[in-house]
Amino acid sequence: MIRIKCFLICVFLSVIAVAQTATDFTTDDCNSVSHNLFDSLDVGNVIVMAWVMPCAPCATYASYAYSAVQSFSISHPEMVDFYLVDDYANTSCAGLVNWGSSNNMPLSTVFSSAVISMSDYGAIGMPKVVVLGSDYSIYYNENSPNIDFDGVQSSIADALSIPSNIHEQQESDFSLSAFPNPANGLLNIKYE
């Protein structure tokens, strides 16, 4: 019984660790420029991705993320990129670019590519916004109606504050203990 509980805890912790890292991709944007996510992160950039389908509610929530990115344009020029991504790559590039521009998001890198999958970041649903830092961590991951300017802006600031180009294992504040040891019947597990 104890081994089963320990196994389940290890599986749970592994799922958490996997869910908190970016998924690499290489694909062309709507201007036929090739992008590799990890290459962009490796130079210290923060990437904010907003998956949308061209609709009014998507514009409302995606614009919060776009505005948060623009708030760093003077303090951190060319370090925070906004990727506007079609939800299922079924909208033409021209349509998506026009939609972004008409909804006050003209300074976007636009993608209509199935290679960039929102399901890599948990729950799907439009729009979806994630903030990725140079350590490949996910600093923000929300779907509407939970997307807000302050949350995205704060997450970008957190991602910018990490040292860039360091991809070694850092010490963890993770702590797991089991007691009493040895156990006879009931085993308590403490996780911090």
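Among the residues of segment 32-52, those identified as among the aliphatic types (A, V, I, L, M) and either surrounded by fewer than 16 Cβ atoms within 10 Å (Cβ to Cβ) or without any contact (Cβ under 8 Å) to a residue 12 or more places away in the chain (or both) are 33, 43. Here residue 86 passes the criteria (1) acidic (Asp, Glu); (2) within 21 Å of residue 43 (Cβ to Cβ); (3) touching a helix residue (DSSP H, G or I) at 6+ places or on another chain (Cβ under 9 Å) except the one numbered (2).
For every residue, the table says whether it meets (1) crowded, with 17+ Cβ neighbours inside 10 Å; (2) of a type in the set (Val, Ile, Thr).
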position	(1), (2)
111	yes, no
114	no, no
118	yes, no
139	yes, no
147	yes, yes
151	yes, no
160	yes, no
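Does residue 94 fit the bill of being under 21 Å from residue 112 (Cβ atoms) and under 20 Å from the mean Cα position of the chain (by Cα)? So residue 94 fails the test.
Here, each number is a calculation from the coordinates, and none is a lab measurement. All values reported here derive from a predicted model rather than from experimental measurement. Using ideal geometry, Cβ is built from the backbone for each residue, glycine included, and neighbour counts are taken over all protein chains shown.
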